[in-house]
Amino acid sequence: MNFQPEQNFNFQQQFEIPEENFVQSAQEEFAQPSHETESQPLEPEQFRKVFIGGLSYKTDDEKFKAYFSKYGELVDYVVMKDKESGKSRGFGFVTYTNSAQVDELMRNRPHIIDGRQIEPKRATPREDSGRQEVQATVKKLFIGGLKDAITEEDLKSYFSCYGNITDCVIMKDKEKNTSRGFGFITFDDYDPVDKIIIEKHHLINGINLQCQKALPKESQNNRANSNNRGPRAPFNNSGGGRSRQGGFGMNGQHAQFEGMNNFGNFNQMSMNQRRNSGPMRNNRGFGNRSQGPYG
């Protein structure tokens with residue numbers, strides 16, 4: 001995603017990732033009355049929550065609510081604000097009553113509020129906050145755990161329900177012409193990849209697939225050079241092989257796909273800094289507690 005200054009939304013600089021206990025405390029403060037009933041429970045929140053980036057600083061809570069209510073019933077909404085000034089930080093969250101309403105919101109992109117095109121993105125579940133690649137915005141999906149019983153047509157048939165597929169390939173051994181156990185699917189949009197990752201469990205022909213966002217090798221090298229934090233963790237302990245030409249980073253016997261941390265370096269901040277960097281909700285009395293960018 002490319003943004004311009006004041007229209008620019010820098011994920012790495014704007015977001016902060018709380019520690020687990022701090023997130024739980026903030027979540028309790030921000031809790032809304034439950035719509036859940038015994039007969040009709042809500043879907044898990046990560047399927048119903050959307051991050052909204054690139055907001056104009058003029059957009060207030062009421063205008064924010066009015067706009068996103070057009071696509072479904074909201075159970076929660078917030079424009080994140082600076083503790084000291086009370087001004088918008090340029091992003092927020094909306095939570096719908098069901099995931100179909102999130103799908104409707106994403107189908108109707110682009111969205112423009114107060115003259116600015118905003119950037120909606122399915123919110124990252126809390127349990128995945130430590131997985132940097134989950135937060136990246138990509139159109140390409142890495143699929144591991146493939147067996148010989150799964151063909152490219154099987155992959156297309158299964159994943160086409162998420163969006164328009166532009167490329168699908170199962171990587172094969174050049175000499176034996178057998179599957180190397182992994183492949184790639186490319187969509188024409190980033191949202192299908194986000195949805196696949198959030199849903200997590202994908203089964204084809206009785207085989208549980210391992211899905212992960214794929215980043216170009218150049219992006220991984222750039223991140224490694226800038227951070228100098230040592231070797232990247234492999235996707236798993238059994239996948240991988242030699243490099244695919246034109247493509248995505250592989251190293252030795254491990255398939256490596258590292259994502260960008262769009263949500264900054266919150267873990268390097270002191271607890272006081274974390275508490276002082278959180279949002280304020282108008283007329284809700286939440287003070288200076290921080291919620292963080294989680295679904």
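The values are calculated or read from the model by the stated rules, or taken from the named source; none is laboratory data. In this text the structure is predicted, and so the values were computed from the model without any measurement. Heads up, the Cβs are rebuilt from the backbone with ideal geometry, glycines too, and the neighbour counts pull from every protein chain shown. Side chains included, ligands, DNA and RNA excluded: accessible areas come from the protein's heavy atoms. Shrake-Rupley method; radii C 1.70, N 1.55, O 1.52, S 1.80 Å.
Between Ser34, Ser69, which is at pLDDT 95 or above, open to solvent by 40 Å² or more (accessible area, probe 1.4 Å) and hydroxyl-bearing (Ser, Thr, Tyr)?
Ser69
Mind listing just one residue for me: the one in the stretch 128-156 that is in contact with a Ser or Thr (Cβ under 7 Å, 6 or more places away or on another chain) and without any contact (Cβ under 8 Å) to a residue 60 or more places away in the chain and, of those, surrounded by the most Cβ atoms within 10 Å (Cβ to Cβ)?
Lys139
Within the stretch 96-131, how many residues turn out to be under 15 Å from the mean Cα position of the chain (by Cα) and not small (Gly, Ala, Ser)?
13
How many residues are open to solvent by less than 30 Å² (accessible area, probe 1.4 Å), of a type outside the set (A, V, I, L, M) and under 17 Å from the mean Cα position of the chain (by Cα) when one looks only at the stretch 187-216?
The total comes to 8.
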